[in-house]
Amino acid sequence: MDKYFEDLQIVFKSQIENVYKITEFDNDFVSIAIGWLQDLENDLKNNKNIENDNLLPTRTINLLKTVLEQGPKREKYKPVYNQSVVLLVSYFASLVSEIFNSTLTHYLSNIEELPKRLEKEEFKFTLSELSVLQYDLSKEIGRIITRKSNISFQDMGSIAKAYKRFFGIVVEWDTNVSNIITAHACRHAIVHSAEIADHACINQLKAAKDREIKKDLKENEPIEFNIDEIKTIGKSMELYIKSLCDSLLAVTYKPT
C-alpha cells in the first residue's frame, strides 16, 4: 500500500501542475511568438545588415513581452483563476475520499489488523443497497460508510474527525490546513454566491487564522485569486496529502 499511496500522490501532483498550466494558457503561445520574432530580428541584423527600427520587429517583441508580463493582471484571466481554485478543491476532495475508501477496504481484507476502536462500529444496510453491490462490500465499504457517517471531504474539520475516528491519526492543524480551508470557503462562494465573499465564507475563514492567503477578505467583497495564491493552495494540498498518507502508513500498513 505504500506504493499505492505514492502513486496517488504522483497523480495528484500531476493534476495540480495541470491546473497551473491552465492559469498560464496564453504564455506558451506568446513565448513561442517572441522566440520566432527574436530569431527574425537577429537574422535581419546579422545576416541582412538591417538596422532600421521601422524594418525590425523590435516594437512587436517589446509589446508581446509586456503582454506576457502583465497578462495575469488582465480582467479576462480572473474567472480562470477562480475556477482553478474550484478545480483544486475538487481534486483534493476526491483524493482524500479515495484514500479513506482504500484504507477501510484494506481493513476489510485484513480483518486481523482492524483497530479495536472499529470492532464495535455498526452500520445498517438495506437489502436494496446490498443487492446493488451484489452483496460485496469489499470495494465500496469506505464510500458507503462515508455516506452513512455524514463525512464531508470538502470540510477539513469533518475530514480530521473521520480519520481520527476510523484510523486513530491526527494530522497537524497548521498553515497548510488553514490555506485549504480558505480554498474550500472561497470555492463555495465562487460557485454559489457569484464570486462574492458571503457571510458563510467569512464565518468559515475564522477557523483559518494562520492562513497565508486572503487574509483581509471581507464580507460582500469580490473573490479574486491570483497565480501565487493558487500555487500556495496547491502546495498546501500536496503537503497535507503527504502527511495524511505518511500517518496512515505508520499506524495501518506494513510496507510491501
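The values are calculated or read from the model by the stated rules, or taken from the named source; none is laboratory data. Bear in mind the structure is a predicted one, so any value in this text is a computation, not a measurement. Please note: Cβ atoms are built from the backbone with ideal geometry, for glycine as well, and neighbour counts cover all protein chains shown.
Could you tell me whether any residue of the range 243-250 is surrounded by fewer than 17 Cβ atoms within 10 Å (Cβ to Cβ), assigned to a helix (DSSP H, G or I) and among the hydroxyl-bearing types (S, T, Y)? For the range 243-250, residues surrounded by fewer than 17 Cβ atoms within 10 Å (Cβ to Cβ), assigned to a helix (DSSP H, G or I) and among the hydroxyl-bearing types (S, T, Y): present.
Being at pLDDT below 80 and either more than 23 Å from E229 (Cβ to Cβ) or touching a Cys at 6+ places or on another chain (Cβ under 6 Å) (or both) holds for only one residue in L68, L55, and it is L55. Pairs are defined by a Cβ separation below 7 Å, a sequence spacing of at least 6 or placement on different chains, a first member in the range 40-68 that is free of Cβ contacts under 8 Å to residues at least 40 places away in the same chain, and a second member that is in a loop (DSSP other than H, G, I, E, B) and loosely packed, with under 13 Cβ neighbours inside 10 Å; the pairs so defined are K45/E51.
Residues are listed down the side, and each one gets a yes or a no for (1) surrounded by fewer than 14 Cβ atoms within 10 Å (Cβ to Cβ); (2) of a type in the set (S, T, Y); (3) modelled with pLDDT of 85 or more; (4) more than 22 Å from K78 (Cβ to Cβ):
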| site | (1), (2), (3), (4) |
| --- | --- |
| F5 | no, no, yes, yes |
| L8 | no, no, yes, yes |
| K13 | no, no, yes, yes |
| I16 | no, no, yes, no |
| V19 | no, no, yes, no |
| F25 | yes, no, no, no |
| D28 | yes, no, no, no |
| I34 | no, no, no, yes |
| E41 | no, no, no, yes |
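All but one of (1) touching a Ser or Thr at 6+ places or on another chain (Cβ under 9 Å); (2) under 19 Å from F153 (Cβ atoms); (3) buried (at least 19 other Cβ atoms within 10 Å of the Cβ); (4) of a type in the set (V, I, T) hold for I190, so report the exception by its number. Failed condition: (1). Restricting attention to the range 205-227 and to residues that are in contact with an Asp or Glu (Cβ under 9 Å, 6 or more places away or on another chain) and outside any loop (DSSP other than H, G, I, E, B), the residue that is surrounded by the fewest Cβ atoms within 10 Å (Cβ to Cβ) turns out to be P222.
With the structure loaded, tell me whether V177 is touching a helix residue (DSSP H, G or I) at 6+ places or on another chain (Cβ under 7 Å), of a type outside the set (K, R) and part of a loop (DSSP other than H, G, I, E, B) or whether it fails that test. No: the conditions fail for V177. Taking the criterion of being in contact (Cβ under 8 Å) with a residue 24 or more places away in the chain and over 18 Å from the mean Cα position of the chain (by Cα), the residues of the range 178-205 that qualify are E195, I196, A197. Listed residues Y20, Y4; which is in a helix (DSSP H, G or I) and in contact with a Gly (Cβ under 9 Å, 6 or more places away or on another chain)? The conditions single out Y20. A count restricted to the range 154-177 and to residues that are surrounded by fewer than 20 Cβ atoms within 10 Å (Cβ to Cβ), over 21 Å from L217 (Cα atoms) and either of a type in the set (A, V, I, L, M) or touching a residue at least 60 places away in the same chain (Cβ under 8 Å) (or both) stands at 6.
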